[in-house]
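Have a look at the structure below before the remarks.
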Amino acid sequence: MAAGGGEPIYKRVLLKVSGEALMAESGFGIDPAVTTRIARDIKRATEMGVVVGVVIGGGNIFRGVSLAAKGADRVMADHMGMLATVMNALAMRMALESVGVPSVVLNALTMPQISETFSQRRLEEHLEDGKVVVFAGGTGNPFFTTDTAAALRASEMRCDALFKGTQVDGIYMEDPRKNPHARRFERLGHSEVLEKGLAVMDAAAVSLARDAGITVVVFSIHEEGEFVRILQGNGRCTTVSD
């Protein structure tokens, strides 16, 4: 990506974070140091005037697909996975509030004791109030991943870009953790990602982003400050746009 100045090149973004990224060294659960680090990056982005929404997966707590693969009912397993995303969303909201960022959890599931239920009207109201919206519960439906939920919420927010924070710094032809010589892409089209079968996001999510004209930016969530650097036109990432 070409170098840029201090002004953000994207004005309204959705940050998708995998649940695994939140795990402590034990390989399970939520590490407060990680959520606080991500919250600090989000704060820097909002201080630049960027509108930010957040979707977090649930794989650090529960993966419905894994249970279904062992013979469990897929619908019930996916609902359990949605509950894991709610826990992560609440943790992220706590982290955001702790660094002084006004935020709210909008939940695709109806759980009034702990969060507001998602609606487009409430989303717009909270964004107008300057809050970071953390989306929980996926799409609220089984058989859809949190990647698809991120693309859906990015479309509803009318985002310029969907930032996917991963374990690596972009999209590779092969897993760079297994093959250190794997080819890394600087830029791809949505259709190229689908045609090449690159497993950065599921096909439904990529297709939805393509149809909505949303750029997908894949970067390492583990590099503090990288989110902001890429927003400014710097940093290391793969950009997917048509």
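The values are calculated or read from the model by the stated rules, or taken from the named source; none is laboratory data. Being a predicted model, the structure only gives us computed values, none of them experimental. In this analysis, Cβ positions are derived from the backbone assuming ideal geometry, glycine residues included, and neighbour counts consider all displayed protein chains.
Please give the number of the condition Arg44 fails out of (1) within 24 Å of Val217 (Cα to Cα); (2) assigned to a loop (DSSP other than H, G, I, E, B); (3) modelled with pLDDT of 95 or more.
Status for Arg44: all satisfied but (2).
Quick check, is Val133 outside any helix (DSSP H, G or I), at pLDDT 95 or above and either buried (at least 21 other Cβ atoms within 10 Å of the Cβ) or not polar (S, T, N, Q) (or both)?
yes
Which of the residues that make up segment 47-75 are in a helix (DSSP H, G or I) and surrounded by fewer than 20 Cβ atoms within 10 Å (Cβ to Cβ)?
Restricting attention to segment 47-75, the residues satisfying the condition of being in a helix (DSSP H, G or I) are 47, 64-69, 74-75.
Listed by number, the residues that qualify are Glu47, Val65, Ser66, Leu67, Ala68, Ala69, Arg74, Val75.
Is it true that some residue in segment 139-153 is touching a helix residue (DSSP H, G or I) at 6+ places or on another chain (Cβ under 7 Å), farther than 23 Å from Gly64 by Cβ and of a type in the set (S, T, N, Q)?
Looking for residues that are touching a helix residue (DSSP H, G or I) at 6+ places or on another chain (Cβ under 7 Å), farther than 23 Å from Gly64 by Cβ and of a type in the set (S, T, N, Q), one finds none in segment 139-153, hence no.
Given the criteria out of contact with any His (no Cβ under 8 Å at 6 or more places or on another chain), surrounded by 16 or more Cβ atoms within 10 Å (Cβ to Cβ), of a type in the set (Gly, Ala, Ser) and over 13 Å from Phe163 (Cβ atoms), does Gly197 qualify? Please lay out each step first, then the result.
Details: out of contact with any His (no Cβ under 8 Å at 6 or more places or on another chain): yes; surrounded by 16 or more Cβ atoms within 10 Å (Cβ to Cβ): no; of a type in the set (Gly, Ala, Ser): yes; over 13 Å from Phe163 (Cβ atoms): yes.
Considered against the rule, which asks whether it is out of contact with any His (no Cβ under 8 Å at 6 or more places or on another chain), surrounded by 16 or more Cβ atoms within 10 Å (Cβ to Cβ), of a type in the set (Gly, Ala, Ser) and over 13 Å from Phe163 (Cβ atoms), Gly197 comes out as no.
From the set of residues in segment 145-171 that are over 12 Å from the mean Cα position of the chain (by Cα) and in a helix (DSSP H, G or I), which is nearest to Ala204 (Cα to Cα)?
Ser155
So which of Arg40, Arg74 is farther than 23 Å from Phe143 by Cα and basic (Lys, Arg)?
One residue alone meets the criteria, Arg40.
Asp175 is checked against (1) of a type outside the set (A, V, I, L, M, F, W, C); (2) at pLDDT below 95; (3) surrounded by 13 or more Cβ atoms within 10 Å (Cβ to Cβ) and fails just one. What number does that condition carry?
Asp175 satisfies all of (1) of a type outside the set (A, V, I, L, M, F, W, C); (2) at pLDDT below 95; (3) surrounded by 13 or more Cβ atoms within 10 Å (Cβ to Cβ) except (3).
Is it the case, given these coordinates, that Leu96 is part of a helix (DSSP H, G or I), surrounded by 21 or more Cβ atoms within 10 Å (Cβ to Cβ) and either in contact (Cβ under 8 Å) with a residue 12 or more places away in the chain or over 19 Å from the mean Cα position of the chain (by Cα) (or both)?
yes
If His222 satisfies every condition in (1) closer than 23 Å to Leu90 by Cβ; (2) buried (at least 23 other Cβ atoms within 10 Å of the Cβ) but one, which is the exception?
Unmet condition: (2).
For segment 185-242, name all the residues that are of a type in the set (A, V, I, L, M, F, W, C), part of a loop (DSSP other than H, G, I, E, B) and farther than 17 Å from Thr145 by Cα.
Passing the criteria: Ile214, Ile221, Cys237.
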